[in-house]
Amino acid sequence: MSEEALSSLVDRLAAVKTSGVELILVSSGAIAAGLAPLDLSRRPRDLATQQAAASVGQGLLMAKYTQAFSAHGVTVGQVLLTADDLIRRQQYANAFRALNRLLALGVVPIVNENDTVANHEIRFGDNDRLAALVAHLVKADALVLLSDVDAVYDAPPNDGGVRVPDIESDVALSLLDIGTTGGAGLGTGGMATKVEAATMAAEAGIPALVTSTANAAAALAGEDVGTWFAARGGRRSTRMLWLAHLASTRGRLILDPGAVDAVASGVASLLAAGITGLNGSFEAGDAVEITDADGGLVARGLVNFSSEELPQMLGRSTSELGENLGDQYERSVVHVDDLVVVRL
């Protein structure tokens, strides 16, 4: 983000803050800010150099935000998070307490992924999804995702596409051409990830708006800009949001039709009797995909047995497993509390 763009955004956010609205800003740019001081001409590909650039750039980025907000009499605080901080109970509680205390003190928390220590296994992937999880963490009233495109369109804007003002369901979203290039404007300004993050927030009960940075003031004033994703369903736990959208799956469990129906109900655990096959190499506690016989994704879950243990268990009842293999096998393969239905 250029200094001019940063200053313009801060002017708009500060005006909203001084009107009495609580704000949390999720900002990217730490790695980019660290490139010039390290004489790097482009974003590095290797993780170690990315971490080094983030270490240098994060302080520079915060200095710019601190200066810009202080011109409006607004104090800011830095909060660096990793995915672990939002999926492990103790870290989650710490993050929740810190953010809420900052808000109570009148501070604008500026959140970024802790790129200096995050690795490929535990990354959010992008700051849009981080923003959705932070919004869920603090029980935000709304999430605003800013891009260089002013809305989601029903076709590429250059081809005469029309702005979609509201998306109220996954059915409506599926009617759009939402490929990563071209359709719905999703190939520009990271729009695909913003639609994913907005959908993620909406599924967790938080309405989300996707619009351009230029529309930030209008959006925060409640004007008709961008594309609103209506909240639907109850608020999930952050752990379930992570499992549904961010967890790296290690394998796949293939179910028979009866087990598909049971799992898709959202109220039943997955038992070995309903599993017909598996793919991948995983350990107990890893995230796995749960599919029908045709490969259609039904759910994701945390498995209780490794890929080495499961083959001998497939198709067998829980009582039979207990009798033949021991009491430790007399339990579900994926408990309902560790399972999230992704698609019916």
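Any read-out appearing in this document is the output of simple, stated calculations on the displayed coordinates, not a laboratory observation. Remember, it's a predicted structure, so these values are computed and weren't measured experimentally. Cβ: placed from backbone, ideal geometry, glycine included. Neighbour counts: every protein chain shown.
Worth pointing out:
- Rounded, prolate or oblate (a/c below 1.5 giving rounded, otherwise prolate when a/b exceeds b/c) for the stretch 290-344 by Cα gyration tensor: prolate
- DSSP beta bridges in the chain [antiparallel fraction, %, rounded to 5]: 50 percent
- Oblate is the label for the stretch 42-107. Its Cα gyration tensor axes, ordered a ≥ b ≥ c, give a/c of at least 1.5 and b/c at or above a/b.
- Rounded to 10°, Cα long-axis angle of helix 3-18 versus longest principal axis of the chain: 80 degrees
- Sequence-distant residues sharing a close amide H with Val164 (under 5 Å, placed H): Val152, Tyr153, Asp154
- Gaussian network model of the chain, Cα within-10 Å springs - most flexible of Ala135, Ala293, Ala201: Ala293
- The H on the amide N of Gln78, modeled in the peptide plane, is under 5 Å from the matching H of Ile110, each at least 5 residues off or on a different chain.
- Our estimate of slack between Glu309 and Glu223, defined as 0.36 nm per intervening residue step minus the Cα-Cα distance, is 25.3 nm.
- Computed about the Cα centre, the dipole magnitude for the chain is approximately 980 debye when only Lys and Arg (+1) and Asp and Glu (-1) carry charge, each at its Cβ.
- A prolate overall shape is assigned to the stretch 224-344, the ratio a/c of its alpha-carbon gyration tensor axes (a ≥ b ≥ c) being 1.5 or greater and a/b exceeding b/c.
- Per-residue ³J(HN,Hα) for the stretch 48-61, Karplus 6.51 cos²θ - 1.76 cosθ + 1.60, θ = phi - 60°, Hz, x for Gly and Pro: 4, 6, 4, 5, 5, 4, 5, 4, 6, x, 5, x, 5, 5
- The chain: calculated mean residue ellipticity at 222 nm from DSSP helix runs of at least 4, using -39500 (n - 2.57): -10500 deg cm²/dmol
- Phi angles across the stretch 71-82 convert, under the Karplus curve 6.51 cos²θ - 1.76 cosθ + 1.60 with θ = phi - 60°, into 3J(HN,Hα) values of 5, 9, x, 10, 8, 10, x, 8, 10, 9, 10, 10 Hz, Gly and Pro given as x.
- Simple spin-label estimate for Ala36 and Ser70 gives 2.0 nm between the two label positions (7 Å along the Cα-to-Cβ direction from each Cα).
- Coupling constants for the stretch 130-137 follow from the phi torsions by the Karplus curve (6.51 cos²θ - 1.76 cosθ + 1.60, θ = phi - 60°), and in residue order they are 4, 4, 5, 6, 5, 4, 5, 4 Hz; glycine and proline get x.
- Using 0.36 nm per residue and subtracting the Cα-Cα separation, the extra length available between Asn279 and Ser317 on full extension is 11.6 nm.
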